[in-house]
Amino acid sequence: MAIFGLWVINKAGGLVYQRNFADGLTQMTSNEYLVLAGTLHGIHAITSRLSPTGTSSGAHVIEAETFKMNISLTATGTKFVLLTSLAEPSANTVLQKVYEAYADAVMKNPFHNPEMPIRSEGFDIRITALIGTGHT
Amino acid sequence: MSTHPPSRFSVLSSSSLSSAELLSPTNTSARFSLPSAPSITTATTGNQKTLSRPNIYDRPLNKTRTAEVSAPAFAFLFSEVVQYMQKRVSGINDLERRLNTLGYRIGTRVLELMVWRAESTSKAPKREIRFLPALMTIHTNVWKAVFGKPADAIEKSVQNDDEYMIIDNDPVITRSISVPRDMSQLSCSSFTAGIVEAVLDGLGFPARVTAHNTPTNDFPLRNTILIKLEKSVLEREELFK
């Protein structure tokens, strides 16, 4: 069980935070991460319209053969994406705590510009404390 | 607004107003017109008035338990304060000076409120006239009144006789602030320094108070409030001996 990476996608589909933890996925260039995040943003928008039973909050988990993507959408449109191994049980709690750290260390930081890449030392520290090396 | 047209439009049916008129900013008077504001109308009806919470100005001053402000709410406010000021200053020193001024305005009130709360009921009200007890009061009472916990340490400068330090390992107001690297000199605790300066001034110990980041491994946010006393204070302290 492992946590491979964390993305934060702003409401326009831009990748504002990306960090890798445990090894196990191919490393990509920052540009490729940006493209993937934009693609996921689009897919997520489509999945939220696909529901046969009215409104939907969009995809929550996308499973692949070797990893799964856990997506959490906030009320303000920010998406937190956690890439984990298939058996990882703590993804949802971790995402909730990431949201908490984001609210505390990013949104209350006067030196952060909304919708811009997150360069907040406090957030990095909180995430390190939360996920560490990604091995759970 | 379109469903409840303000009274001065009552001769017109709401449909006779074009939608552009309803949406134009000059036409939004209904939002500000007093008779239709719900808060005013409920206040005048006697029955509901007793249910509503007392106005902030009518609450007793010496009740501290219910008078606490939520720290996250303050964090957002303080964040906006810093952003607002950052747009209007030319450098870090200027920003710190402005935060200090803002804190000073709070400090004068904190002192007054604190003395009122602590001494108004006592039979022999006292006032600190020696510097060290006054410093202890700031370390414990002011910090408790403002931040809900005492400061962590008081130190005296080894090199300079007129310098004292109050140390806070985890300052409440900067907990959510990450200063970018190119501004690493900035300490948002200048706000706290302003509070301390005002309290010292109010007690009759004029001083220049500044804030400095002094991080340690255990406490990355550790902050030192440096108090540089005016000469007159030291001379007066000498006379007491």
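Give a residue-ordered list of calculated ³J(HN,Hα) values for the range B:66-82 (Karplus: 6.51 cos²θ - 1.76 cosθ + 1.60, θ = phi - 60°; whole Hz; x for Gly, Pro).
8, 8, 7, 9, 5, 4, x, 4, 5, 4, 5, 4, 5, 4, 5, 4, 5
Taking K and R as +1 and D and E as -1, what net charge do the other residues with C-beta under 10 Å from the C-beta of residue B:204 add up to?
Result for the neighbourhood of residue B:204: 0.
Could you tell me the total accessible area buried at the B-A interface, probe 1.4 Å, in square angstrom to the nearest hundred?
1000 Å²
In whole angstrom, how long is each semi-axis of the equivalent ellipsoid of the range B:71-240, when you take the square root of 5 times every eigenvalue of its Cα gyration tensor and sort them from largest down?
In descending order the semi-axes read 27, 19, 15 Å.
How big is the Rg/Rh ratio for the range B:98-158, C-alpha atoms only, Rh by Kirkwood, two decimals?
1.00
Just add up the charged neighbours of residue A:57: K/R +1, D/E -1, any other residue whose Cβ is under 13 Å from the Cβ of residue A:57.
+2
Between the DSSP loop rule and a limit of at most 11 other Cβ atoms within 10 Å, which GluC sites (Glu not before Pro) in the range B:67-96 are left?
B:68
Give the separation of the Cα centroids, the range B:181-223 to the range B:99-131, in Å.
19 Å
Give me the three principal axis extents of the range A:3-131 from the C-alpha atoms, as integers in angstrom, largest value leading.
So the three principal-axis extents are 42, 31, 29 Å.
Would you tell me the mean number of C-beta atoms belonging to other protein chains that fall within 10 Å of each C-beta in B:175-186, as a whole number?
5
Tally Lys/Arg at +1 and Asp/Glu at -1 over every other residue whose Cβ is under 13 Å from the Cβ of residue B:240; what's the total?
Cβ neighbours under 13 Å give a net charge of -1.
Starting from the amide H of residue A:16, placed 1.01 Å from N in the peptide plane, find each other amide H under 5 Å away whose residue is 5 or more places distant or on another chain.
Under 5 Å from the amide H of residue A:16 lie the amide H atoms of A:8, A:9, A:10, each far enough along the sequence or on another chain.
Please give every one of the aspartates and glutamates within straight-line cross-link reach of residue B:231, meaning a C-alpha to C-alpha distance under 13 Å, and leave out same-chain neighbours fewer than 8 residues apart.
B:161, B:162, B:163
On a C-alpha basis, how far is the centre of the range A:80-136 from the centre of the range B:53-84 in Å? Whole number, if you could?
Their Cα centres are 29 Å away from one another.
Send over a whole-number figure in Å² for the accessible area per residue of the protein assembly as shown, probe 1.4 Å.
So the protein assembly as shown comes to 61 Å² accessible per residue, rounded to a whole number.
Can you list the residues of the range A:112-136 that have at least 30 square angstrom less accessible area with all protein chains present than in their chain by itself, probe 1.4 Å?
When all protein chains are present, A:121 each give up 30 Å² or more of accessible surface.
Can you list the equivalent-ellipsoid semi-axes of the protein assembly as shown, largest first and in whole Å, using the square root of 5 times each Cα gyration tensor eigenvalue?
Listed largest to smallest, the semi-axes of the protein assembly as shown are 46, 36, 19 Å.
The values are calculated or read from the model by the stated rules, or taken from the named source; none is laboratory data. Worth saying up front: this structure is predicted, and the values here are computed from it rather than measured. Virtual Cβ from ideal backbone geometry, glycine too; neighbours counted across all protein chains shown. Protein only, heavy atoms only, side chains kept; ligands, DNA and RNA dropped before computing areas. Shrake-Rupley method; radii C 1.70, N 1.55, O 1.52, S 1.80 Å.
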